[in-house]
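S.K.: Shown below is the structure under consideration.
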Amino acid sequence: MSRPLDAGIADNLSHVRRRLEAAAHRAHRSPSDISLVAVSKTFGVDAIRSAFTAGHRVFGENKVQEALGKIAALSDLDLEWHLIGHLQTNKSKKAAESFRWIESVDSVELVQKLDAAASQSDRRPAVLIQVDLAGERTKHGVPTNSLKEVVGAAHDAHALDLRGLMLVPPSPRLPEDSRPWFRSLRSIRDTLVDDGVPGECLRDLSMGMSHDFEI
Ligand SMILES: *Cc1c(COP(=O)(O)O)cnc(C)c1O
């Protein structure tokens, strides 16, 4: 049955996809290299079902507890869940069992807890290391001077699939304000690869929020 919610979400999704494709072409990239994560935090399962009906599969949640209820309620759908919010070490087990991607890994201790939890439950979640480029104490993320250590630990972890870096830059006034931070993260990634981290482990950069996705 088609509901008004379905139509609204399908329209929004195709609008965002068109903007994403246009931005990819401007940057001489293939849109198929870009993964759109629909942030479903604060949205109910109905909205997620509507997005699924419109063809979307990848969803981001920022709180483990809130996500677990939705993941259980939607277990009949083949969805790819990403954790994008801060993860406390005491929730590592639940996170490793429930999320296909954990984008907010930000300490060696968390790497070790997740690795242990994932191997116990026979999972191998993809992980991104969240970086705190601006030295914002209010935000989570690894300071750049400890990044090599955390990336190294994640690369060595047998039950984690290291895929790249994540960044939430300082709140921009304009979308363009995010560009220097995005450039900087990309150059940090390139340096890590030059220093010996295999490129395929750092291929993905998850950066910014809704307002600056085209940048
Ligand atoms: C909430 C959130 C987003 C999306 O938020 P918007 O308000 O839609 O910009 C993106 N990334 C992270 C890490 C978030 O927590």
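The values are calculated or read from the model by the stated rules, or taken from the named source; none is laboratory data. Since this is a predicted model, take the numbers as computed values, not measurements. With ideal geometry, Cβ positions are generated from the backbone for all residues, glycine too; neighbour counts draw on all protein chains shown.
S.K.: Go through the stretch 116-146 and give me each residue that's within 19 Å of the chain's Cα centre (by Cα) and over 20 Å from G85 (Cβ atoms).
M.R.: R124, T144
S.K.: A follow-up question, please. Filter the stretch 175-209 for residues that are modelled with pLDDT of 95 or more and of a type in the set (A, V, I, L, M); which is nearest to G85 (Cα to Cα)?
M.R.: M207
S.K.: If you don't mind, there's one more thing I want to ask. For the stretch 5-24, check the following and say yes or no: at least one residue is surrounded by fewer than 11 Cβ atoms within 10 Å (Cβ to Cβ) and at pLDDT below 95.
M.R.: Taking every residue of the stretch 5-24 in turn, none turns out to be surrounded by fewer than 11 Cβ atoms within 10 Å (Cβ to Cβ) and at pLDDT below 95.
S.K.: While we're on this one: Answer yes or no as to whether H15 is out of contact with any helix residue (DSSP H, G or I) (no Cβ under 7 Å at 6 or more places or on another chain) and either more than 19 Å from G208 (Cβ to Cβ) or of a type in the set (K, R) (or both).
M.R.: Judged against the criteria, H15 is not a match.
S.K.: Please work out if R183 is away from the ligand (no atom under 16 Å from the Cβ) and basic (K, R).
M.R.: Judged against the criteria, R183 is a match.
S.K.: Restricting the search to the stretch 190-215, which residues are away from the ligand (no atom under 16 Å from the Cβ), more than 16 Å from the chain's Cα centre (by Cα) and of a type outside the set (S, T, Y)?
M.R.: D190, L192, V193, D194, D195, G196, V197, P198, G199, E200
S.K.: Hey, another quick one. Output the number of residues of the stretch 11-56 satisfying the condition of being within 17 Å of L205 (Cα to Cα), in contact (Cβ under 8 Å) with a residue 12 or more places away in the chain and over 18 Å from the mean Cα position of the chain (by Cα).
M.R.: Matching residues across the stretch 11-56 total 1.
S.K.: Note down all Cβ pairs under 8 Å where the first residue falls in the stretch 102-116 and is away from the ligand (no atom under 16 Å from the Cβ) and assigned to a helix (DSSP H, G or I), the second is modelled with pLDDT of 95 or more and among the acidic types (D, E), and they're at least six residues apart or on different chains.
M.R.: Listed by first residue and then by second, the contacts come to V108/E149.
S.K.: Within the stretch 18-58, can you find the residues that are part of a helix (DSSP H, G or I), more than 16 Å from the ligand (Cβ to nearest atom) and of a type in the set (D, E, K, R)?
M.R.: R18, E21, R26, D33, D46, R49, listed by residue number.
S.K.: Kindly evaluate V64 against the criterion of being within 17 Å of the chain's Cα centre (by Cα), within 15 Å of the ligand (Cβ to nearest atom), β-branched (V, I, T) and under 30 Å from N145 (Cβ atoms).
M.R.: yes
S.K.: Considering only the stretch 171-190, I want to know if a residue exists there that is surrounded by 13 or more Cβ atoms within 10 Å (Cβ to Cβ) and either at positive phi or not in a helix (DSSP H, G or I) (or both).
M.R.: yes
S.K.: Turning to a different aspect of this structure: Given (1) surrounded by 17 or more Cβ atoms within 10 Å (Cβ to Cβ); (2) within 16 Å of V111 (Cα to Cα), where does M207 come up short, assuming only one miss?
M.R.: (2)
S.K.: Taking the stretch 170-190, which residues are under 15 Å from D106 (Cβ atoms) and without any contact (Cβ under 8 Å) to a residue 40 or more places away in the chain?
M.R.: none
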